[in-house]
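The values are calculated or read from the model by the stated rules, or taken from the named source; none is laboratory data. A quick note: this is a predicted structure, and the numbers were derived from the prediction, not measured. Positions of Cβ are backbone-derived with ideal geometry, glycine not excepted, and every protein chain shown enters the neighbour counts. Note: areas computed on protein heavy atoms with side chains; ligands, DNA, RNA excluded. Shrake-Rupley method; radii C 1.70, N 1.55, O 1.52, S 1.80 Å.
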Amino acid sequence: MLRKEKLYCISIMLLTMFYAGAVGTAIGSVQVTQTWLPGDCIPKFATQLPVFGPGYNATLPRVDAVSNRFLTVTMKEIKQSVLPTDLNLYPSMYYDTISQTIKNCPTSLDLKSTNVWAYEISDKATKKILGPAHWPAVTIETRRSKPTTIKYVNELPSFDPLDANKQVQGLITVDQSIHWADPLGNTAMNCMMVDCDEEENENNPCCQPFNSSPPAVPHLHGAEVSSYFDGGPEAWFTADGRTGPAYSTMGNPGPGQAVYRYQNSQEPGTLWFHDHALGATRTNVYSGLATFYFIRDPSKEPKNLPSGAYEVELAIQSRQFDTNSQLFFPDGSGPLDCLDEDENQVPCSNLNGPPTNTDLHPFWIPEFIGDTEIVNGAPWPTFNIEPRRYRFRILNGSNARFYNLRFGDAPVYQIGNDGNYLDAPVRVNSVFIAPGERADVIVDFSGMSGTITVTNDAPVPYPDGLIPGADQPGMAEVMQFNVNVALKGTDASCNPAVAGQCIRPKPLVRLTDGQGNIASGVKIDRVRQLVLKEVQGPGGPVEVLVNNTKWDGVRSPSVKASFPEDGVSELPRKGSIELWEIINLTMDAHPMHLHLTQFQILNRQYFNNDPDDPGGYPAVWEAAFPSDTAFSPLCTGGVFCPGYGPPLAYDTGATKTMDGQAVPVVGGNPLIDSYLMDTPSAPFPEEIGWKDTAKVWPGQVLRIIVRWAPTSTRLFKNKSRAGVNFYPFNPGKGPGYVWHCHIIDHEDNEMMRPYKVAK
Ligand SMILES: [Cu+2]
């Protein structure tokens, strides 16, 4: 969706030949005076990679949740050394791609620690700190079947301009005009009618930053967990004791706290936890609230993987900074120093652009892009390694950026993705991950020496956005390995290049054959066809919707008609298997994520997405909207009605014959089937296995087979079937789950829907 803005930038670039506007400047926070420090003015490879656990620098140990089964995780604001402090390392100039000129870097830098929000992990009984507060937090590791109980304590402070320890909320502005946690009940979704560009509304809360006790709620991403402890968007709580409508806890821990119990009953893999507060996820995660959570089980894992100092987390997150070493999050309009096509003075966009429709959402930007690559909390770090095999647990923890990572000439093998292991290692040319996805890889540095730079060439937004290198010179690089440590002994870890090594001891349960077909014996109970649709305003995106439905489904008339009670339309049965066909009508790829369950990618297929073709799916879909002037005067028959829900009744009454059975197709959209083009493409080899987040390209249908049972549940011998619960908890109890886009800027602005597991 930045495509339009990018063209705009190019036209600005031409204009700047005649008009010396300060292209590339923008204010960050609307509350704190900030000067943007361009990422290319920050030194690269000057900081050591922070390593968790028994690595080279074990000041940040992993937390062993087997011997500490009762933990306290405290969310707090800390000061962390992020940017290098030696001014001599800093470049004096950078290349500005918009004006195509070399510019001077800001000179008055205040190199000091950065205020971030962090999780501090301690033993609940002894209060001993097991993992110091850090962005990202240190990893929690546990064993399968060993439950972990965590008391989460929200000690996040409100912004105080006079207190150096209470800065983050002022730097990373919460936009109250989107449907958000709203702990003070200030805005209650009534901001739609408030024009924040009007002076009279200047002091309306809808148009004001939120400066009170921050709502937060941790979600364990990838977990098979009771919805009571899932940490969903409305389960937030504040330090001053307010709670969201879905707040739940074990016991009664007191204000500002929630106790969650994770049974860790699922197969081993790479989970992570991060904040998930409604409408404040992007700001809370940007501020630092994220980390890894490993579930281990030697009997289910490949044997002899690189371990100890050779197993290393890499949490990759794009950020921006200001000249005071603080986080910079573009949430205000830039100065009026550029010209549009009609020679009107307009705000210059820096790479993120200003908010797109400030009358509706004064601070929300459609995607945060960033110009500084951060790994484990350090900018473009370097890591000294031995010439041998390493295992990297890679997380894309960015707001919106996709990564296509290459490791120089070092061979890379993927052994797991998201929450689970692959049957066998897959040799990959690159590691391609969208926000929320994880890749578990072995990189073989044997026989190598010198430096190896990890590069990224994925455009942002994906696939037609800014290109790292060409459009963002510094962002083509992520970090560097320095193979300068002598090999200790011999590398006895499994060798993924040798057939039969680094394999799963027991093959994963297959719902698909990996070639694009449903595995034999898999009975599909229901098909859901659901669309992704962006709502455009005059300045660009206003919001992005799942099935054209608001987060609160009763606000979307067609969904309310079918589900009047709570507007929850996705009601899969426990134990059932569904085929979800996610139809992407937007211009960007979206990583779609389901809570509770893991799924398998069946295939992807293009459809006729030509908006100008009256016989194409977009025209047919739009033509299906009825007239509903009670909802909106703009909602006239045959014209796309934003936020209406799907154009037809959710239960379309259609069926598909699958394996000789008539399977109901629901979702409320005209069937996509007759608009499909080409043949379906099979998932990438490294995508074959259990996933909780999957990319859907623009103009494509993503097909996933979702099963509401643990990944380990067998298919046959009547092991998995609709109506039977296979989880060690009742997934139908509690506030329910959600599914959403994991571009957190989208998720925060309506691209998320609740779902509940039915009987
Ligand atoms: Cu999205």
Worksheet item: Just a yes or no: is a residue in segment 119-131 closer than 25 Å to Ile316 by Cβ, modelled with pLDDT of 95 or more and touching a helix residue (DSSP H, G or I) at 6+ places or on another chain (Cβ under 8 Å)?
Response: no
Item to complete: Residues being surrounded by fewer than 21 Cβ atoms within 10 Å (Cβ to Cβ) and hydroxyl-bearing (Ser, Thr, Tyr): count how many of those fall in segment 681-702.
Response: 1
Worksheet, complete the sentence: If we keep only residues of segment 40-58 that are of a type in the set (A, V, I, L, M, F, W, C) and open to solvent by 10 Å² or more (accessible area, probe 1.4 Å), then the residue modelled with the lowest pLDDT is Ala58
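Okay, residues lined up against (1) of a type in the set (Asp, Glu); (2) more than 23 Å from Phe392 (Cβ to Cβ); (3) surrounded by fewer than 22 Cβ atoms within 10 Å (Cβ to Cβ); (4) at pLDDT 95 or above:
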residue	(1), (2), (3), (4)
Leu14	no, yes, yes, no
Gly21	no, yes, yes, no
Ile27	no, yes, yes, no
Pro38	no, yes, no, no
Leu60	no, no, yes, no
Pro91	no, yes, yes, yes
Leu111	no, yes, yes, yes
Worksheet item: From Phe392, Phe432, Phe383, Phe363, which residue is of a type outside the set (D, E, K, R), buried (at least 24 other Cβ atoms within 10 Å of the Cβ) and either in a strand (DSSP E or B) or in contact with a helix residue (DSSP H, G or I) (Cβ under 8 Å, 6 or more places away or on another chain) (or both)?
Response: Phe383
Worksheet item: Consider Gly699 against the criteria (1) over 26 Å from the mean Cα position of the chain (by Cα); (2) among the small types (Gly, Ala, Ser); (3) within 16 Å of the ligand (Cβ to nearest atom): it satisfies all of them except one. Which criterion is unmet?
Response: (1)
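Tell me, which strands (runs of 3 or more DSSP E) lie completely within segment 695-759 with 1 or more residues that are touching a Lys or Arg at 6+ places or on another chain (Cβ under 8 Å)?
Correct list: 700-707, 737-741.
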Worksheet item: Which members of segment 613-636 meet the condition of being over 27 Å from Trp739 (Cβ atoms) and either at pLDDT 95 or above or among the hydrophobic types (A, V, I, L, M, F, W, C) (or both)?
Response: Asp613, Pro614, Gly615, Ala619, Ala623, Ala630, Leu634
Item to complete: Select from segment 554-605 the residues that are in a loop (DSSP other than H, G, I, E, B), of a type in the set (Asp, Glu) and more than 16 Å from the ligand (Cβ to nearest atom) and write down the one among them that is surrounded by the fewest Cβ atoms within 10 Å (Cβ to Cβ).
Response: Glu565
Item to complete: Name, by its number, the condition in (1) of a type in the set (Asp, Glu); (2) assigned to a loop (DSSP other than H, G, I, E, B); (3) within 20 Å of the chain's Cα centre (by Cα) that does not hold for Asp678.
Response: (3)
Practice prompt. Name the residue, out of Pro496, Pro507, that is farther than 30 Å from Ala619 by Cα, open to solvent by 60 Å² or more (accessible area, probe 1.4 Å), part of a loop (DSSP other than H, G, I, E, B) and of a type outside the set (A, V, I, L, M, F, W, C).
Written response: Pro507
Worksheet item: Just one of the numbered conditions (1) buried (at least 19 other Cβ atoms within 10 Å of the Cβ); (2) among the hydroxyl-bearing types (Ser, Thr, Tyr); (3) more than 16 Å from the ligand (Cβ to nearest atom) is not true of Ser520; which one?
Response: (1)
Worksheet item: Just for segment 621-665: of the residues that are hydroxyl-bearing (Ser, Thr, Tyr) and exposed (fewer than 15 other Cβ atoms within 10 Å of the Cβ), which one is nearest to Ile583 (Cα to Cα)?
Response: Thr655
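Quick grid of which residues meet (1) under 19 Å from the mean Cα position of the chain (by Cα); (2) within 21 Å of Ser29 (Cα to Cα):
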position	(1), (2)
Gln176	no, yes
Pro183	no, no
Glu198	no, yes
Ser212	no, yes
Val217	yes, no
Ala246	no, no
Pro253	no, no
Discussion item. Consider segment 543-553. How many of its residues are part of a strand (DSSP E or B) and within 14 Å of the ligand (Cβ to nearest atom)?
Written reply: 4
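Residue by residue, here is whether (1) more than 16 Å from the ligand (Cβ to nearest atom); (2) more than 30 Å from Ser318 (Cβ to Cβ); (3) surrounded by 17 or more Cβ atoms within 10 Å (Cβ to Cβ) holds:
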position	(1), (2), (3)
Thr711	yes, yes, yes
Phe716	yes, yes, no
Asn725	yes, yes, no
Asn730	yes, yes, no
Met751	no, no, yes
Ala758	yes, yes, no
Worksheet item: Would you call Gly668 within 21 Å of the chain's Cα centre (by Cα), away from the ligand (no atom under 16 Å from the Cβ) and crowded, with 22+ Cβ neighbours inside 10 Å?
Response: no
Worksheet item: Name the residues in segment 326-352 that are at pLDDT below 90, within 21 Å of Cys191 (Cβ to Cβ) and open to solvent by less than 10 Å² (accessible area, probe 1.4 Å), would you?
Response: Pro330, Asp331, Gly332
Worksheet item: Are any residues in segment 721-750 within 11 Å of the chain's Cα centre (by Cα) and of a type in the set (D, E, K, R), and if so, which ones?
Response: Asp745, Glu747, Asp748
Practice prompt. With the condition kept exactly as written, say whether any residue in segment 279-294 is over 16 Å from the mean Cα position of the chain (by Cα) and open to solvent by 20 Å² or more (accessible area, probe 1.4 Å).
Written response: no
Fill in: Residue identified as at negative phi, hydrophobic (A, V, I, L, M, F, W, C) and within 21 Å of the chain's Cα centre (by Cα) among Val412, Val428, Val441
Val441
